[in-house]
Each structure stands twice: as structure tokens, then as C-alpha cells.
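Scroll down for the structure; my scribbles are underneath it.
The values are calculated or read from the model by the stated rules, or taken from the named source; none is laboratory data. Computed from a predicted structure; not experimentally measured. Positions of Cβ are generated from backbone atoms using ideal geometry, with glycine treated the same way; all protein chains shown enter the neighbour counts.
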Amino acid sequence: MTYWMCEKCNFVIEIPKPPDPCPSCHIRCVFTDVTSYTPEYGGVGSLDSRLVAQRVMKKERSGKIVRFSDLIKERTSEGKEKHIPSIELIKGQGKKGKDVIEIVVGREVPHPNTVDHHIVWIQAFGAKKDGQVLDLGRAIFKPGVDKPVYTFEIDSFEYKHLFSFSYCNIHGVWEQHLEI
């Protein structure tokens, strides 16, 4: 399947061909393919958060050099209760005694889950004790259907830090960090 992003409102949808008009802004828009085709970006057919960030960056700040960190919203930004991914480590509750990681967007205050305003994805990374940073996976959510929760298992004793990013189609990228 292919992921398409509206250049007007940054709405992302997973369908074979771009929609007409955009389901979010209801305008006939240009759609960009933001599907990853290379393993280092998540493999064939996955939403590439870097392409999404580049798209947003070009739209909002054309002509300027922008770092990915510039796109991440501050904890003091409006709506933080609904947007910041909350990381919970549940020791020994997974299969074969592994630790469960649950990442929820909107744990305190639920995030809207409509076509017009929703969490598109959650991505997790872990920094191991030896300094190696690993991509721990990504969950993609369908507007109006999926609750923004991503759960997976790890051996947390191998890690020093966990990081999570979430992307709201209206309010951008948000980050959370957990030191283990």
C-alpha cells in the first residue's frame, strides 16, 4: 500500500492512489508519496517519518535550513496533554519475562481521532548502554478507527534510554524520553 500526504494540510492516508479531493481539507490538492522503499527507512510499504518531516519542513519553512529537532514541539506548547507520547515500562510482563513498553498519545487527555485531526504515527527508539541507537518500531493509525497506542517488548536491561515521537496531522511532531 502507498502513503500519500496532502501538500496543503499534511494529511496522510494509506491507499493505492491519491484521493481527489483531500479527505481532510476537502480541496483538490497535490499529494506526495511518503512511502518508504528502502530498509534503512523501515522497509517497503511503510510510512517514512523522515519524508513526512521533510514535507512539513518545506511547506512551513521553505528557503531556511531546519533541523529535525526544530520541528519537535516543546513540552510547554499548547495541547501537550493530548500530543506528547507517554512511555510506560512494565517490567517482566511480556512473553518469556521480557519487559513491555506501552506508548500512548493522550493518556491524560484523549487526543481527537477524526479524519480532520488525528495521530498519524508513533515511532520508538532505544539507546543501548554501549551507545548504539536502535529503531524499535513504528505504529501507524487510521483516523476514526485506531487509538494511538503502540505496545512492544524488549529486554530493558540492555537500554539506557527510550525515546518516542508522535505525529499529529495538524500540530506536528512531539517527543518523549524515558531514562531507564
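Within region 105-131, if we keep just the residues that are touching a residue at least 24 places away in the same chain (Cβ under 8 Å) and within 23 Å of residue 157 (Cβ to Cβ), the residue that is nearest to the chain's Cα centre (by Cα) turns out to be 123. Determine if region 130-137 includes at least one residue that is exposed (fewer than 15 other Cβ atoms within 10 Å of the Cβ), within 21 Å of residue 34 (Cβ to Cβ) and not small (Gly, Ala, Ser). Within region 130-137, one or more residues are exposed (fewer than 15 other Cβ atoms within 10 Å of the Cβ), within 21 Å of residue 34 (Cβ to Cβ) and not small (Gly, Ala, Ser). How about region 141-179: which of its residues are of a type in the set (A, V, I, L, M) and at pLDDT below 90? Hits for region 141-179 are 145, 170, 173. Within region 141-166, the set of residues being buried (at least 19 other Cβ atoms within 10 Å of the Cβ) and touching a Leu at 6+ places or on another chain (Cβ under 9 Å) comprises 154, 156, 159, 162, 164.
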